[in-house]
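Notes for the one structure printed next.
The values are calculated or read from the model by the stated rules, or taken from the named source; none is laboratory data. Just so it is clear, the structure is predicted and the values come from calculations on it, not from any experiment. We place every Cβ from the backbone using ideal geometry, glycine too, and count neighbours over all the protein chains shown. All accessible areas refer to the heavy atoms of the entire protein, side chains included, with ligands and DNA or RNA removed. Shrake-Rupley method; radii C 1.70, N 1.55, O 1.52, S 1.80 Å.
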Amino acid sequence: MRISLRRGVVLGREGWPLWAGVAVLVAMPVLAPTPYILHVFIVANIYAVFAASWDILSGYTGQLSLGHALFFGVGAYTAGLLSTLVGTPPLFNLFAGAFMAVLVGLLEGVPCLRLKGPYLGIVTLAFAEIAFSLAFALSSITGGEEGIIGIASLVRGSIYIKYYASLIFMLACTLALYALTRSKLGLILLAIKADDAAAEAAGVDTTRYKLLAFLISAFFGGLAGAYYAHYLNIANPETLAIPLSAAAITMTLVGGMGTIIGPVIGAYVLSLFFDLLPVVAGQVEFLTESRVLVYNVLIVLIVLFMPQGIVGWWRGRQAEPEVSSMRADPSRPQAQA
Amino acid sequence: MAAASLANSSRPLLEVRGLTKHFAGLSAVNDLSFTVAEGEFVGLIGPNGAGKTTCFNLLTGFLRPTRGSVRFRGVEITGLRPHQITRLGIARTFQLVRPFGQLSVLDNVTVPAMMAQQAGRLAGHSPRRVALDVLDMVGLAHRAHEPAANLPHGELKRLEIARALAARPSLLLLDEPFGGLSHDESRALEQLIRELFGQGGLTVILVEHVLKVLMNLSQRVLVLDYGRLIASGTPDEVSHDPTVIEAYLGAAYSGAGPQEDDASPGGNP
């Protein structure tokens, strides 16, 4: 009751497309029963969690992270090392990876607390690059460029089972993050993003909450990385690299910053577009050969014409008939008077 | 018990001693000392650049003083961070409004109320309830569910006050709440501040350029010039004080500040 009073009806705000989307995802093995397409969706599910973890820190709290792959990679390598050296069960490794990412987040977050905007961005980028270099420098442990191979699978069995496991993983993580943003904590994070001096004046320990956002973000980023390692059975330097950090940002911008659902949608749109374009447009040679070009043109178009991302665009469309009746009703008489 | 409460009532709510702030050789606030008693309404005036906002920033922890001390209810608060000071019971407004733009008006006010609850200042009320009451008090209840960014300037000024009140302060620092308001808005806000103060339990320090309003509201006026306290007294005393007139007219007419006055710490070239 108190929460729904706050910012519209929980989850219902996105309306039917959200539920339709979930329904399509659940029915996917029936709709597209090819292993390759399901594989693309599994990876998209993992990226969705990763992008949402970026969103809670950068989109929601306004703390720009340009090196988010750090958490993903730490999660992946931790899970990989545990699995191959110690042989602990994958489910344990998922949480161990997330926990290690939180520790690294602490290491990174504490010195970063006083930094803002581009300065914070540069330092986070540097942290990720340090980890990336370490993956090569410590090749006796990390396997260098090859990475760690032979990591146990989280789920054994058919691609269908793996698909549903990844779907449950994605839904559980994003629901948890979404619930967080709708809680008191979410309100505080938004206040910090809007104006951290004013938040301080309001009595908010902004340092503590920024660090908390860092750690939550690191946790889910690490979780996604560990899941990735246990799905692809490999943890390599790519999981720490700049393109992956950039992917989280791109997916979130396309889907809609500060919405948690946005990065999930962005992850699907971009993964599907990039990986399925060759399948769908197999006959059109130009599209297949220049998919990187087409992909980037798509990103430019979305950012130009939907600056608030897909979710922001949809909410804006809904705003006239629905949101106004929901939130502005009491003020309407005064506004006209 | 009786002795303790006697001691409390005789001690000022706020004690500022030798407060000094240098910015790269310029002293914005210089050896400033004053006290404010519980339940007092104090006006703080001075020409542009006299150090009024710097003084607020020092009192609320947004700036660290170069020297000096600030005590609140006898407790040293110098060096505390802003949120800690707010939780102890000093809330401020900003001269330039700083709303949480994308949050609703109600959420804007709920944030400080939530923090006040954490600090044990809500006496069992829910933050939401307190926020609604405060909005009602300042006349923004009808805007509760609108994004703060939609409000006109006059209402944003009220939102600043609402947010400060929701922190449940015992000392309220108002930094030019009348800035940019129309004549009618000013009169309504003056009435509101009078009512808020009249309800009791609140001590106010008001910085304001609109001197007429400030003189109407304040019981005592402190005058700053070049970071120094040059006068203190009732509105009537202060407005007839030759030093004060000199500071204002000198600054206004020569544009270079008082020339023959020896108290010119900003005088380093």
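Residue count for segment B:134-146 satisfying the condition of being in contact with a helix residue (DSSP H, G or I) (Cβ under 9 Å, 6 or more places away or on another chain), more than 9 Å from chain A (Cβ to nearest Cβ) and at negative phi: 5.
Of all residues in segment A:138-149 being in contact with a helix residue (DSSP H, G or I) (Cβ under 6 Å, 6 or more places away or on another chain) and of a type outside the set (S, T, N, Q), which is surrounded by the fewest Cβ atoms within 10 Å (Cβ to Cβ)? Please lay out each step first, then the result.
Residues of segment A:138-149 in contact with a helix residue (DSSP H, G or I) (Cβ under 6 Å, 6 or more places away or on another chain): A:142, A:144, A:148.
Retained after the next criterion (residues that are of a type outside the set (S, T, N, Q)): A:144, A:148.
Details: A:Gly144: 14, A:Ile148: 22.
If we take residues in segment A:138-149 being in contact with a helix residue (DSSP H, G or I) (Cβ under 6 Å, 6 or more places away or on another chain) and of a type outside the set (S, T, N, Q), then A:Gly144 is surrounded by the fewest Cβ atoms within 10 Å (Cβ to Cβ).
Going residue by residue through segment B:110-120, is there one that turns out to be closer than 11 Å to A:Asp195 by Cβ, surrounded by 22 or more Cβ atoms within 10 Å (Cβ to Cβ) and facing chain A (nearest Cβ under 8 Å)? Yes: one or more hits. Starting from residues that are open to solvent by 10 Å² or more (accessible area, probe 1.4 Å) and within 22 Å of B:His153 (Cα to Cα), keep the ones in segment B:193-216 and report whichever is farthest from the other protein chains (Cβ to nearest Cβ). Among those residues, the one meeting the criterion is B:Lys212. When B:Val130 is tested against (1) open to solvent by 10 Å² or more (accessible area, probe 1.4 Å); (2) over 28 Å from B:Leu63 (Cα atoms); (3) more than 9 Å from chain A (Cβ to nearest Cβ), just one condition goes unmet, and that condition is (1).
This table checks each residue for (1) in a helix (DSSP H, G or I); (2) among the aromatic types (Phe, Trp, Tyr).
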residue	(1), (2)
A:Val123	yes, no
A:Glu146	no, no
A:Ala172	yes, no
A:Ala176	yes, no
A:Gly186	yes, no
A:Phe214	yes, yes
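Would you point out the residue of segment A:122-137, among those that are of a type outside the set (S, T, N, Q) and out of contact with any helix residue (DSSP H, G or I) (no Cβ under 6 Å at 6 or more places or on another chain), that is nearest to A:Asn233 (Cα to Cα)?
Step one: filter segment A:122-137 for residues of a type outside the set (S, T, N, Q), giving A:122-123, A:125-132, A:134-137.
Subset that is out of contact with any helix residue (DSSP H, G or I) (no Cβ under 6 Å at 6 or more places or on another chain): A:122, A:125-126, A:129-130, A:134, A:136-137.
Working: A:Ile122: 31, A:Leu125: 26, A:Ala126: 27, A:Glu129: 23, A:Ile130: 24, A:Leu134: 21, A:Phe136: 19, A:Ala137: 22 Å.
Of everything passing the filter in segment A:122-137, A:Phe136 is nearest to A:Asn233 (Cα to Cα).
Just checking, which of B:Arg158, B:Arg168 is crowded, with 18+ Cβ neighbours inside 10 Å and assigned to a loop (DSSP other than H, G, I, E, B)? When all the criteria are applied, what remains is B:Arg168.
For segment B:91-109, which positions are at the interface with another protein chain (Cβ under 10 Å from one of its Cβ atoms) and either open to solvent by 10 Å² or more (accessible area, probe 1.4 Å) or farther than 23 Å from B:His153 by Cα (or both)? Outline the logic, then answer.
Going residue by residue through segment B:91-109, those that are at the interface with another protein chain (Cβ under 10 Å from one of its Cβ atoms) are B:91-94, B:97-109.
Result: B:Arg92, B:Phe94, B:Val97, B:Arg98, B:Pro99, B:Gly101, B:Gln102, B:Ser104.
Restricting attention to segment B:171-189, the residues being under 18 Å from B:Leu135 (Cα atoms) and either free of Cβ contacts under 8 Å to residues at least 12 places away in the same chain or open to solvent by 30 Å² or more (accessible area, probe 1.4 Å) (or both) number 2.
Restricting segment B:37-77 to residues that are of a type in the set (Val, Ile, Thr) and under 14 Å from B:Thr20 (Cα atoms) leaves a set whose member that is surrounded by the fewest Cβ atoms within 10 Å (Cβ to Cβ) is B:Thr66. Selection over segment B:65-90 of residues that are within 14 Å of chain A (Cβ to nearest Cβ) and assigned to a strand (DSSP E or B) gives a count of 1. Can you pull out every residue in segment A:103-136 that is of a type in the set (S, T, N, Q) and within 22 Å of the chain's Cα centre (by Cα)? Within segment A:103-136, A:Thr124 is the sole residue that qualifies. The single residue among A:Tyr209, A:Tyr178, A:Tyr228 that is away from every other protein chain (no Cβ under 14 Å), of a type outside the set (A, V, I, L, M, F, W, C) and surrounded by fewer than 23 Cβ atoms within 10 Å (Cβ to Cβ) turns out to be A:Tyr178.
Would you confirm, using the coordinates I've provided, whether A:Gly186 is free of Cβ contacts under 8 Å to residues at least 12 places away in the same chain and under 20 Å from B:Arg128 (Cβ atoms)? Answer is no for this residue.
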